[in-house]
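Heads up: the structure comes next, in structure tokens.
The values are calculated or read from the model by the stated rules, or taken from the named source; none is laboratory data. It should be emphasised that the depicted structure is a prediction, and the values quoted were computed from it without experimental measurement. Virtual Cβ from ideal backbone geometry, glycine too; neighbours counted across all protein chains shown.
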Amino acid sequence: MQQCRHEVSITYTWTQDSEAPVISTTASSGDLGCNPTVVAPTFTGLDNCEGTFLPTVTTTGPSNTGCAYTQTWLANYTDACNNAAIEQSITYTWTQDTEAPVISTTANSGDLGCNPTVIAPTFTGTDNCEGTFLPTVTTTGPSNTGCAYTQTWLANYTDACNNAAIEQSITYTWTQDTEPPVISTTANSGDLGCNPTVVAPTFTGLDNCEGTFIPTVTTTGPSNTGCAYAQTWLANHTDGCNNAAVEQSSITYTWTQDTEAPGNFHHGEQWRLGL
């Protein structure tokens, strides 16, 4: 009896793969500037055996210190043969800032009076991201109309994210005047004769800042010794900057007040006088 033989076959399959997959990205780590729309980077993968694949991308989300933000994305992949790709990492940084800086000053606009020492106002600034800063202060210098002077200072600042502070303005006004006013009169001191109608002299005034003015005229009234009378008028003026006019403008009139006729002598008086 003939015996039959049956062939037995064993087949093994396996993957021969010792090459790590490769993760790629066209993104680059860097700063995105101010208030960006942050779009996650895209990663692609290629494996010698598996072909293309989608890496596993993880992120803990954005973190910040104040206005400075950062976010990192990590891309990983391990193929079926446990070959791990080199981890790829992309980190974006940016500034989140939509708040305008604030400029302050303790100075107040107003009038400084006469002939002041003009000291420019001081401005300070605070920004939610940058902290304290020095504003940019500009002035065109003093301008004037006659003795009236004015000067304005403008303080401005724009932060790194182009948020502009509200402009602060300080204006000083003052009077520049060291020149005394001048008093004049067309009258002249002198003797008015007998029994005059005494008309007070007229004074006029001119000041470099105030223009024409009416001086303050004072008199103590007439005084006399017997029939001899005298009266003096004094004209003065002090301007708004305390410059006093020279009191050279005094006018004195003298006159004789006499309306009584000489007396008649009696005969007895003539005899006693030997007339």
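Side notes on the structure shown:
- Among the conditions (1) under 30 Å from residue 161 (Cα atoms); (2) not in a strand (DSSP E or B), residue 132 misses just one, which is (2).
- Counting only strands (runs of 3 or more DSSP E) that sit completely within the stretch 37-103, those holding 2 or more residues that are more than 50 Å from the chain's Cα centre (by Cα) and at pLDDT 95 or above correspond to 43-47, 51-53, 56-59, 68-76.
- Residues in the stretch 157-198 that are hydroxyl-bearing (Ser, Thr, Tyr) and either farther than 18 Å from residue 121 by Cα or surrounded by 18 or more Cβ atoms within 10 Å (Cβ to Cβ) (or both): 157, 158, 172, 175, 178, 184, 185, 186, 189, 197.
- Looking at the stretch 170-255, the strands (runs of 3 or more DSSP E) lying wholly inside it that each contain 1 or more residues that are touching a residue at least 24 places away in the same chain (Cβ under 8 Å) sit at 182-185, 190-194, 203-207, 211-213, 223-225, 228-236.
- Residue count, the stretch 146-169 (criterion: more than 24 Å from residue 112 (Cα to Cα) and not in a strand (DSSP E or B)): 8
- Residue count, the stretch 53-81 (criterion: in contact with a Leu (Cβ under 6 Å, 6 or more places away or on another chain) and more than 30 Å from residue 161 (Cα to Cα)): 0
- Number of positions in the stretch 104-120 that are assigned to a strand (DSSP E or B), at positive phi and surrounded by 13 or more Cβ atoms within 10 Å (Cβ to Cβ): 0
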